[in-house]
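The values are calculated or read from the model by the stated rules, or taken from the named source; none is laboratory data. In this text, all values refer to a predicted model and were calculated from it rather than measured experimentally. Using ideal geometry, Cβ is built from the backbone for each residue, glycine included, and neighbour counts are taken over all protein chains shown.
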Amino acid sequence: MYGLMLRRACRDIKKNVGRYLALMVLIGFAVYMVLSMMGSAMSIIDQSADYDVILNVEDGQFTVFVPLNATELDKLISSGVSVEEHFSLDYEVLDGSVIRVFKNREDIDLITLHEGRLAETDNEAVLERRYCEEHGIKIGDTFELGGKSFTVTGIGAAPDYNMPVRNLSDTAVDSVAFGLMFITPSAYDSLLSEGNSMKSEDYVYAYRLNGAMSDDDLKAILEENEFDVADIDDPFFQEYWEEMVGRKDDLLEGIDDLNEGAQELRDGVNDLDSGVDELVDGVGEMQDAMPDLQSGANSLYSGASDLSSGIGSYTSGVSAATAGANELNDGIGQLSSGCSDLAAGSDQYMAGLCELNDTAYALSLSEDPFTAQIAGSFYQATSGLVAGYSGIDQGIDSVAQGTAAASSGASELAGGLNTLDSNSAALNSGASSLQNGIGEMRTGINELSDGVDELVDGVDELDSGVDELVDGMNEYADGVDEFTSEANDLIDEVFDIDTSNLVVYLPVADNARIDAAPDDVKNNLYSAMFVGVVALILFAYVISVFVVHSVDQESSVIGALYSLGVRRSALAFGYIVVPAIAAFIAGVIGTLVAVYASFGIPSNMQESFDYYSMPDMGPQVQPFLLIYGLVLPAVITILVNVLVIRGRLTRTPLSLLKNEQKAVKARDIKLGKMKFIPLFRIRQLLREMRTGFTVIFGMFLALLIVMLALNTFIYCYRVKELNVANTHYEYMYTYKYPEKEVPEGGYEAVFEETTKEFEGYNFDVALVGLTRNNPFFDMSALGDKDSEVILSASFAYKYHLSVGDEFTLTSKDGDKLYAFKVAGINDYQASMMVFMDIDACRDLFGESNDYFNAVFSDHPLEIESGRLNSTTTKKDIESASGVFVDSMKSLITTLIIAGAVIFVVVMYLMVKMMLDRAAFNISLVKVFGFKNGEVKKMYLDGNMIMIVAGALVCIPLCKAILNYVYPNFLVANVNTGLSQAFPLYIYGGVFAAILFLYFLISQVLFISIKRTTPALVLKNRE
Amino acid sequence: MYIETKGLKKSYGEGGSFVQVLKGVDIGIRAGEMCVIQGTSGSGKSTLLNCLGGLDSIDTGSVTVAGTSVEKLKGEKLADYRRKNLGFIFQFYNLVPNLTVRENIQVCEYLSKSPLDMNELLEVLGMSEHADKFPSQLSGGQQQRCAIARALVKNPKVLLCDEPTGALDSKTSRDILMLLEKINAKYDTTMIIVTHNNSIKNMVDHVIYIKDGEVSKDYYNEVKVPACDLEDL
Ligand SMILES: Nc1ncnc2c1ncn2[C@@H]1O[C@H](COP(=O)(O)OP(=O)(O)OP(=O)(O)O)[C@@H](O)[C@H]1O
Ligand SMILES: [Mg+2]
């Protein structure tokens, strides 16, 4: 019976070879694609796990300030934990790339060699394979580093750098810019002594717990290790340490001062207390003295009035004397001027005498003896006259001088008396003022007396107030004492953490570098597995539409066979066996291609090799893969078809015989008075709902695949574009040992590493305190609250945060949680950062007001490399960002092609099927006289509505699904977040592509309409 | 009675579309006899035949075939009942299109533990030369003969024929009827033939008239006319 059914089915194939071939191609292709991905993923996951054992991969690593001393190491080793130094030095080499240098590994994280051998002498080196691939380095090449040259003896990989990124927070691997080198210990030591490295030596230890203790235990032990400051030679560390210790001392001093101040305050208050007591006494005495003061004031007042009258008599005397003196002065003035006139006349007379005398003398010398004689005697007389008158003249001058002196004396006397006279008025009024003043004083003293009484009361109150103050002060002082002791404890505690030698403790699970490749392909494995099943279900469903078509066509035959007693299973077998075999064969072919062809599993694995730094691995075929490829296609085909045709085959023989159509309610829809062709189209669509549904299912899957490709494209593209475009600084320096002065032209920042969990992955998130004037990050949305932060776009998208949300970050040691509120989101994309006010950040981490440990700048800054923890340049970001797009290109193309093929094949098969089913009707309407064009309108163009409607539903639906699945599962392990939104033109493009493909297919199918002849009507009926 | 119905009622639909097709049919048919059920179109002949064959359920009453209460059977048991006891011949032959004549018959040969000899059957039916043809390569009469062979190969006790000659010309119809006659004689198969052809009743033992869902006449022929002598087919 089953043989007969098989024979029947096989004859059926001949009729539909094309259909089955197309489906087999689809299934085979799907199996090939899915198995390639799965096989590659499983090979990598499996062999990575094997390698983890072979290479003794670490259970974790920790970084310390100073290398562990012998005692500390002994303690660890004797407890059963293995530890190996993985110290490293970073060097910049000629082309600007960075090489991290390690010693050869002996115990943990062993190196696997792709080629060559390990370094044996001091001028030999093993280089990391991805770096060698990118730089074309071969065995035997010479490699210059740190002023030394090494011969490359091996190319290999280390499991702790499976993802060879320079910093754990890096988003993408960039092997052009970063690689590893392994050399002999002595070569390493000599490099170290040269001191040419980019930054200080990293003291990393890898450990294996060997079941001796848990990570928490080990961490606790390490946290107890304190380092001796003196052991550290690094001058930058010493500076940093002094700063730290200084700050502690400052704090302690401050507290001591506070304490002392409180003591002094207490003493002061006590003094105040006794002072007030004295005040009380004093005020009492003052009160007692008041009556004496009052009587004294009265006596003073009567004395003052006597003084006033005495002064009156004196002033009138003075004014009389003044008048006399004035007159005297005038008289003497006149006398004086008369005398000076006399003196002047006398002088003229004297001059005339002298001239006469001179003339007489001149004549006496005349040649005329008479004249000379007379003149001589006249001359004798005049000479005597001159001599005599000069005595008189001198007398006159003396008189004039005497009177002038008398005149000035008289005027001084008069001036003195005048002054005295004018002062008398002031003296008079002064005396009366005094008298008045004393009067006022007397009343004042009376008031004072009243005031003193009140003062006495006030002072009493003061006294009791001060007593209370004293009590309060004593309590305060006690409080300060307590505070002091607690603060001292706290400070000791706080500063104790920093003397712990442990810097970073990183268990393997939190280390993104280790097992990154297997982690990454895990996503591929699951998505391929899932998409594969969905695709197989789709194809099985397409097949089931054909099967249903046959079942419907042969309904009465089935009914007849039932009536005769043939079993349903035998019939179902007859319909399903061929599709199942076809699916099986396609699965076998797909599996063979995936396993044996170079473009199968191997080429898929190559994609991982081209990105991660992996040991050599070959493709492995696991039983699960074979089950998936060989069994699943057939099983899914059988299951789906059984489910679909079971309903039909469970109908009664009679209903099968009568070929009753199941009453579909939709078909009874009243279509009213529509025009014939639209009406006809709708009826046709309703009749072919199953087929239509399959087309839409196919479109859905195709779109899901295409949208996945587009999402991947957009994701990579945005990483590439936005990382660069939205990085506004050129240089970012982070310090290991901060300095005090901000380098010229830099903008200081406080940089704290925190983590945040996402879907089981722990990502580094930098909490960055920025000054408000930082030009590289938009901080404008930041308010005044300390808990407010601005998010980088990458962080906001990764964790689905928006303005107003609250979230927490975890400190690196996992002990503390910081809660923040989102005040804004800026455009920074290159890494996940949370920005806050620098002062708020300093407060949060207990740093001083001028502390900073990172600097942003738009030009290179002069900072000693020994201080630095890392330097990030915009160029680094740019080169790393492009890596994504490059590594995803082939995947994107493959997916788009796969999606388009699925859509075209499924749609072609299904619409062709509709036409086949309608062939009789088509030929019938042709008999009626309809033309090809009209028939096309009736049977083909109606599908357009379905396609458009389907696309309008499926495109947003697929996008919505991806918006959820893509960030949360597919790129959950990537430490950045992005806007998944598509620009409108992508939606438009997808829609246009669907319509274009539909148009193409409907043109092809139009040929089959043209081929349907009216004669078919006659042939088709028995 | 070998085949017996008592108070058989059957209706279709509900409410406005309710039709009481069989309104209490009591008939009895003996083993090995040829019986014709006749009546106007829509009177309920096919319905009655389907009820006998277990193809259709009944509302009330009982249907007994060879001691089995058919109305009580369900699912696989009903299929077993049909497999063991019944052969069906339809007006449209319902052959499996992509099986040859021989294969179409083989489908039912597997159903019986003691099938008839295939070649003998083909010989009897005059189909030997067409055995390896597909249904689409045969004439209507040949296809009906193939369908009869398919129904007979498992050697059923009862052969139910609904309009076996409905789609055939009178010459071919006569051939088919002669064949049925021959088989009845040879294998002692009980045959119930539904027809609205008026002459067929003359060649059988037992004639039942159905009118509006009720038995209006039920009689045995005193004299049978051999199929070859029937007129007006
Ligand atoms: N599935 C059904 N639903 C509703 N009514 C039905 C159904 N099957 C049959 N009928 C009705 O039952 C009545 C009897 O039908 P049946 O097929 O038994 O008639 P018939 O006597 O065989 O007629 P014909 O000679 O034309 O074949 C008819 O009126 C028919 O309309
Ligand atoms: Mg009928």
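Can you name the helices (runs of 4 or more DSSP H) wholly within region A:2-115 that have at least 3 residues being buried (at least 20 other Cβ atoms within 10 Å of the Cβ) and within 14 Å of chain B (Cβ to nearest Cβ)?
A:2-15
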Residue list for region B:109-120, filter: in contact (Cβ under 8 Å) with a residue 12 or more places away in the chain and of a type in the set (D, E, K, R)
B:GLU109
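Let's see how each residue does on (1) modelled with pLDDT of 80 or more; (2) not assigned by TED's automatic domain parsing to the domain that holds A:SER40:
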{"site": "A:ASN423", "(1), (2)": "no, yes"}
{"site": "A:GLU440", "(1), (2)": "yes, yes"}
{"site": "A:THR443", "(1), (2)": "yes, yes"}
{"site": "A:GLY451", "(1), (2)": "no, yes"}
{"site": "A:ALA487", "(1), (2)": "no, yes"}
{"site": "A:GLU493", "(1), (2)": "no, yes"}
{"site": "A:ASP498", "(1), (2)": "no, yes"}
{"site": "A:ASN523", "(1), (2)": "yes, no"}
{"site": "A:PHE530", "(1), (2)": "yes, no"}
Residue hits (region A:667-725; out of contact with any Ser or Thr (no Cβ under 6 Å at 6 or more places or on another chain), among the charged types (D, E, K, R) and modelled with pLDDT of 85 or more) are A:ARG718, A:GLU721
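Being surrounded by fewer than 16 Cβ atoms within 10 Å (Cβ to Cβ) and more than 13 Å from ligand 1 (Cβ to nearest atom) is the filter here, so list the residues in region B:199-217 that pass it.
Start the filter on region B:199-217 by keeping residues that are surrounded by fewer than 16 Cβ atoms within 10 Å (Cβ to Cβ), which leaves B:211-212, B:214, B:216-217.
Across region B:199-217, the qualifying residue is only B:LYS217.
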Just checking, which of A:SER200, A:SER214, A:SER190, A:SER186 is buried (at least 17 other Cβ atoms within 10 Å of the Cβ) and either in the same structural domain as A:TYR161 (by TED's automatic domain parsing) or of a type in the set (Gly, Ala, Ser) (or both)?
A:SER200
Regarding region A:777-798, can at least one residue be identified that is surrounded by 15 or more Cβ atoms within 10 Å (Cβ to Cβ) and closer than 27 Å to A:SER865 by Cα?
yes
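Here's the yes/no breakdown for (1) more than 22 Å from A:PHE573 (Cβ to Cβ); (2) away from ligand 1 (no atom under 16 Å from the Cβ); (3) not β-branched (Val, Ile, Thr):
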{"residue": "B:VAL70", "(1), (2), (3)": "yes, yes, no"}
{"residue": "B:ASP80", "(1), (2), (3)": "no, yes, yes"}
{"residue": "B:ASN104", "(1), (2), (3)": "no, yes, yes"}
{"residue": "B:SER114", "(1), (2), (3)": "yes, yes, yes"}
{"residue": "B:LEU125", "(1), (2), (3)": "yes, yes, yes"}
{"residue": "B:GLY140", "(1), (2), (3)": "yes, yes, yes"}
{"residue": "B:ALA149", "(1), (2), (3)": "yes, yes, yes"}
{"residue": "B:LEU152", "(1), (2), (3)": "yes, yes, yes"}
Exclusive hit being exposed (fewer than 12 other Cβ atoms within 10 Å of the Cβ) and within 60 Å of the chain's Cα centre (by Cα), set A:GLU285, A:GLU264, A:GLU260:
A:GLU264
For region A:365-382, check the following and say yes or no: at least one residue is modelled with pLDDT of 75 or more, out of contact with any Leu (no Cβ under 9 Å at 6 or more places or on another chain) and buried (at least 16 other Cβ atoms within 10 Å of the Cβ).
no
Check off (1) crowded, with 21+ Cβ neighbours inside 10 Å; (2) more than 14 Å from every other protein chain (Cβ to nearest Cβ) for A:LEU561 and give me the number that stays unchecked.
(2)
Of all residues in region B:1-30, count the ones that are within 16 Å of ligand 2 (Cβ to nearest atom) and free of Cβ contacts under 8 Å to residues at least 40 places away in the same chain.
2
Those residues that are away from ligand 2 (no atom under 16 Å from the Cβ) and at pLDDT below 85, I need them from region B:155-165; list them, please.
B:ASN155
Looking at (1) touching a helix residue (DSSP H, G or I) at 6+ places or on another chain (Cβ under 9 Å); (2) among the polar types (S, T, N, Q); (3) more than 13 Å from every other protein chain (Cβ to nearest Cβ); (4) closer than 25 Å to B:GLY54 by Cβ, can you tell me which one B:SER173 breaks?
(4)
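So which residues in region A:646-659 are surrounded by fewer than 21 Cβ atoms within 10 Å (Cβ to Cβ) and part of a helix (DSSP H, G or I)? Break it down into steps so the answer makes sense when it comes.
First pass over region A:646-659, keeping only residues surrounded by fewer than 21 Cβ atoms within 10 Å (Cβ to Cβ): A:646-652, A:654-655, A:658-659.
Hits for region A:646-659 are A:ARG646, A:GLY647, A:ARG648, A:LEU649, A:LEU654, A:SER655.
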Quick one: which of A:TYR908, A:TYR985, A:TYR964 is part of a helix (DSSP H, G or I), within 30 Å of A:ALA517 (Cα to Cα) and not assigned by TED's automatic domain parsing to the domain that holds A:VAL17?
A:TYR964
For region A:715-726, give me each residue that is surrounded by fewer than 20 Cβ atoms within 10 Å (Cβ to Cβ) and in a helix (DSSP H, G or I).
A:TYR717, A:LYS720, A:GLU721, A:VAL724, A:ALA725
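Listed here are the residues, each with its yes/no results for (1) within 16 Å of ligand 1 (Cβ to nearest atom); (2) away from every other protein chain (no Cβ under 14 Å); (3) in contact (Cβ under 8 Å) with a residue 12 or more places away in the chain.
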{"residue": "B:VAL107", "(1), (2), (3)": "no, no, yes"}
{"residue": "B:THR165", "(1), (2), (3)": "yes, yes, yes"}
{"residue": "B:MET178", "(1), (2), (3)": "no, yes, yes"}
{"residue": "B:LYS182", "(1), (2), (3)": "no, yes, yes"}
{"residue": "B:THR190", "(1), (2), (3)": "no, yes, yes"}
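Taking the condition more than 27 Å from B:ASN119 (Cα to Cα), more than 12 Å from ligand 1 (Cβ to nearest atom) and surrounded by fewer than 21 Cβ atoms within 10 Å (Cβ to Cβ), does B:GLY24 pass?
Values: more than 27 Å from B:ASN119 (Cα to Cα): yes; more than 12 Å from ligand 1 (Cβ to nearest atom): yes; surrounded by fewer than 21 Cβ atoms within 10 Å (Cβ to Cβ): yes.
Yes.
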What pairs can you find where one residue is in region B:43-59 and at the interface with another protein chain (Cβ under 10 Å from one of its Cβ atoms), the other is basic (Lys, Arg), and their Cβ atoms are less than 6 Å apart, with a gap of 6+ or different chains?
B:THR47/B:LYS10; B:GLY54/B:ARG82
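In the list A:SER464, A:SER500, which residue meets the criterion of being within 30 Å of A:ASN259 (Cβ to Cβ), out of contact with any helix residue (DSSP H, G or I) (no Cβ under 9 Å at 6 or more places or on another chain) and hydroxyl-bearing (Ser, Thr, Tyr)? Break it down into steps so the answer makes sense when it comes.
Details: A:SER500 fails: out of contact with any helix residue (DSSP H, G or I) (no Cβ under 9 Å at 6 or more places or on another chain).
Among A:SER464, A:SER500, only A:SER464 is within 30 Å of A:ASN259 (Cβ to Cβ), out of contact with any helix residue (DSSP H, G or I) (no Cβ under 9 Å at 6 or more places or on another chain) and hydroxyl-bearing (Ser, Thr, Tyr).
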Can you give me the number of residues within region B:47-62 that are surrounded by 21 or more Cβ atoms within 10 Å (Cβ to Cβ) and within 11 Å of ligand 1 (Cβ to nearest atom)?
4
Restricting the first residue to region A:827-850 and requiring it to be under 11 Å from A:VAL750 (Cβ atoms), which pairs with a second residue that is of a type in the set (Val, Ile, Thr) and not in a strand (DSSP E or B) meet a Cβ separation below 6 Å and a spacing of at least six or different chains?
A:ILE838/A:THR771
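Of all residues being touching a Phe, Trp or Tyr at 6+ places or on another chain (Cβ under 6 Å) and either part of a helix (DSSP H, G or I) or polar (S, T, N, Q) (or both) in region A:916-954, which is surrounded by the fewest Cβ atoms within 10 Å (Cβ to Cβ)? Just the residue, please.
Going through region A:916-954, the residues touching a Phe, Trp or Tyr at 6+ places or on another chain (Cβ under 6 Å) turn out to be A:918, A:936, A:938, A:947, A:951, A:954.
From what is left, the residues that are either part of a helix (DSSP H, G or I) or polar (S, T, N, Q) (or both) are A:936, A:938, A:947, A:951, A:954.
Details: A:LYS936: 18, A:MET938: 23, A:ILE947: 24, A:ALA951: 22, A:CYS954: 23.
Top of the filtered list is A:LYS936.
Within region A:921-935, is there a residue that is under 25 Å from A:SER544 (Cα atoms) and of a type in the set (A, V, I, L, M)? So that I can check it myself, show each step before the final result.
Let us first name the residues in region A:921-935 that are under 25 Å from A:SER544 (Cα atoms), namely A:921-922.
Remaining after also requiring of a type in the set (A, V, I, L, M): A:922.
Taking every residue of region A:921-935 in turn, at least one turns out to be under 25 Å from A:SER544 (Cα atoms) and of a type in the set (A, V, I, L, M).
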Condition first: surrounded by fewer than 22 Cβ atoms within 10 Å (Cβ to Cβ) and not basic (Lys, Arg). Now tell me which residues in region A:888-897 satisfy that.
A:MET888, A:SER890, A:LEU891, A:ILE892, A:THR893, A:THR894, A:ILE896, A:ILE897
